[in-house]
Amino acid sequence: MKIFNTLTRQKDEFVPIEEGKVGMYVCGPTVYNFMHIGNARPMIVFDTLRRYFEYKGYKVTYVSNYTDVDDKIIKKANEEGVDASVISERYIKEAEKDMDMLNISKDIIHPRATQEIDGMIEMISSLIEKGHAYAVDGTVYFRTRSFDGYGKLSKKNIDDLEAGHRDIKVSGEEGKEDPLDFVLWKPKKEGEPAWPSPWGEGRPGWHIECSVMSRKYLGEEIDIHAGGEDLIFPHHENEIAQSESANGKPFAHYWMHNGFLNIDNVKMSKSLGNFFTIREVSEKYDLQVLRFFMLSAHYRSPLNFSAPLMEAAANGLERILTAIDRLATLRVTGPAEITAEEEQYVEEVKALVKKYEDAMEDDFNTADAVSAVFEIVKSANINVTADSSQALRDYYLDELKTLCGVLGIKTEKKEELLDEDIMLLIQQRQDARKAKNFALADQIRDQLLAQGIVLKDTREGVKWSRK
Ligand code: AMP
Ligand code: ZN
């Protein structure tokens, strides 16, 4: 398989460190709010990549962190007058619900920064010992120029960076030897979570978290490190500097970065206010549609989110699921085995499966792989009829299910809830609320949402609709 490697700026043949195994680390969200659909892109894309590796027989170890200590989390905690952990716990729970609805594999190691502080102190200490870091008044900085390869991922020249930084004085960072140096440990400020350390109470910088967590769960040298393209600089550049200085080994062999998700052709960002949360989208569409939409584009291309494009994705997905459902319920009356005449259809499907695999092998081109699935659907709709052999019907059905499974698209029909059942659950939720059992009430709402039922609390009572 060829993978576009940000480090080499070319498609490199994927060769795992250990035969038959893949270790991958995907930078996860900072948990201070509901995740937006931009955050969903790396989750969907790299979950699909892991599924493809598994389809090829690899054993995958997949690590994706939660950044649960950060300025934004602290700010929100102060606004609400609660502990930072209340905020991060809340949004990790919500993130898990979103991931479940997006059908992200559950076999993920999700380390949390706040539970890995010891490892961070240890790595920072060893960087100081090796001369790659220094402490000034409770802050520890990484000595950027001490790492020869700095800039190799983002292709930035360290001297140009220096020129750009010269005039910038960040308050509180006057103790830096060099403007290029970045923070590994920062001292406690009033009202902030802090941990004891050899440099005084404080908390880790963001970059060190990922270096430590990826080493702990995957080892010093890993196959794939991934995230959105905004992370190339400085986050991933700094991770490389830290990890390679600490371990004396190359860090990740392949660096993969997804393109950005835009809204109506404008970069989606919280600061511009033009973002949708995954939860908002889930109220309009089954999140399988969002997943399918994202995979219909190449992961490195920018992707525009808009209502017409989501409608097109919904229609496309429906076409595939309808074809699968027709095959699954078709009463075929032909012979059990594939007939000589049907052999040509088997060959046709084989060629399309190869097309799908070739697309995936070429830098994980899910867009072309999805086209191959559409072609199999078309072929099934034309060539599998009531007169077909059972084996032919099963062959098409199995292939379609397998290929959709690699994309993480669920193909089994959802059991529709009856109106009476919905009313009963709504009543149970009302009872739970009256009894102040809000956890149960929320659980019932989420359960309904997962089955496509959206509740709206209005003055006239609870209204519900099907997505
Ligand atoms: P953050 O919580 O901002 O650290 O982001 C978590 C992950 O989502 C990172 O891999 C980001 O690169 C990615 N990400 C954030 N916004 C977008 C976006 N608009 N499009 C694609 N990926 C994004
Ligand atoms: Zn990271």
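The values are calculated or read from the model by the stated rules, or taken from the named source; none is laboratory data. Worth saying up front: this structure is predicted, and the values here are computed from it rather than measured. Here Cβ is always computed from backbone atoms with ideal geometry, including for glycine, and neighbour counts include all displayed protein chains. Just so you know, the surface numbers come from the protein's heavy atoms only, side chains and all, with ligands and any DNA or RNA stripped out. Shrake-Rupley method; radii C 1.70, N 1.55, O 1.52, S 1.80 Å.
Things worth noting here:
- Remark: the Cα gyration tensor places the chain in the oblate category, a/c being 1.5 or greater and a/b not exceeding b/c.
- With a Förster radius of 60 Å applied to the beta-carbon distance between Lys350 and Asp137, the computed FRET efficiency rounds to 0.35.
- Whether segment 144-299 is rounded, prolate or oblate, judged on the alpha carbon gyration tensor where a/c under 1.5 counts as rounded: prolate
- Remark: the Lys284-Lys189 segment gains 30.0 nm on full extension, using 0.36 nm per residue and subtracting the alpha carbon distance.
- Portion, in percent, of the accessible area of segment 1-118 that falls on carbon or sulfur, probe 1.4 Å: 47 percent
- Between segment 13-63 and segment 339-379, the C-alpha centres lie 24 angstrom from each other.
- Label-zone membership for segment 392-411, site Arg331, 7 angstrom Cα→C-beta point, backbone N under 18 Å: 393-394
- Separation in nanometres of the label points that stand 7 Å from Cα toward Cβ, at Asp264 and Ile382: 4.1 nm
- With Cα atoms, 0 to 90° folded angle of helix 307-329 axis to the chain main axis: 50 degrees
- Rounded to 5, the percent of DSSP beta bridges in the chain classed as antiparallel: 50 percent
- Entries in Lys93/Lys436; Lys59/Lys350; Lys21/Lys72; Lys97/Lys413; Lys56/Lys106 that, when Cα-Cα distance is taken, lie over 29 Å: Lys21/Lys72
- The chain - mean residue ellipticity at 222 nm from DSSP helices (-39,500 (n - 2.57) per run, n ≥ 4, rounded to 500): -15000 deg cm²/dmol
- The HN-Hα couplings worked out from phi for segment 346-363 by the Karplus form 6.51 cos²θ - 1.76 cosθ + 1.60 (θ = phi - 60°) are 4, 4, 4, 5, 4, 5, 6, 5, 5, 4, 4, 5, 4, 5, 5, 5, 8, 6 Hz, whole numbers, x standing for Gly and Pro.
- Angle between the chain longest axis and helix 366-383 axis [Cα atoms, degrees, rounded to 10]: 10 degrees
- Karplus 3J(HN,Hα) series, Hz, for segment 52-58 with 6.51 cos²θ - 1.76 cosθ + 1.60 (x for Gly, Pro): 5, 4, 5, 4, 7, x, 6
- Apportionment of accessible area to carbon and sulfur, segment 419-466, percent (1.4 Å): 51 percent
- For Arg319 and Asn157, a Förster radius of 56 Å and the Cβ-Cβ distance give a FRET efficiency of 0.65, rounded to the nearest 0.05.
- For the chain: accessible area per residue (Å², 1.4 Å): 47 Å²
- Positive contributions from Lys and Arg (+1) and negative ones from Asp and Glu (-1), summed over other residues with Cβ under 14 Å from the Cβ of Glu375, come out at -1.
- Protein accessible area in segment 207-347, 1.4 Å probe - carbon and sulfur %: 53 percent
- Taking each residue as 0.36 nm, the span from Leu440 to Arg145 lengthens on full extension beyond its C-alpha to C-alpha distance by 100.8 nm.
- Principal-axis tilt of helix 390-407 within the chain, Cα atoms, nearest 10 degrees: 20 degrees
- Relative packing of 222-234, 182-194, which averages over residues the other C-beta atoms within 10 Å, highest first: 222-234, 182-194
- FRET E, pair Gln447, Ser85, Förster distance 35 Å, beta-carbon r, rounded to 0.05: 0.85
- Stretched out straight at 0.36 nm per residue, the stretch from Asp419 to Phe374 would grow longer than its current Cα-Cα span by 12.8 nm.
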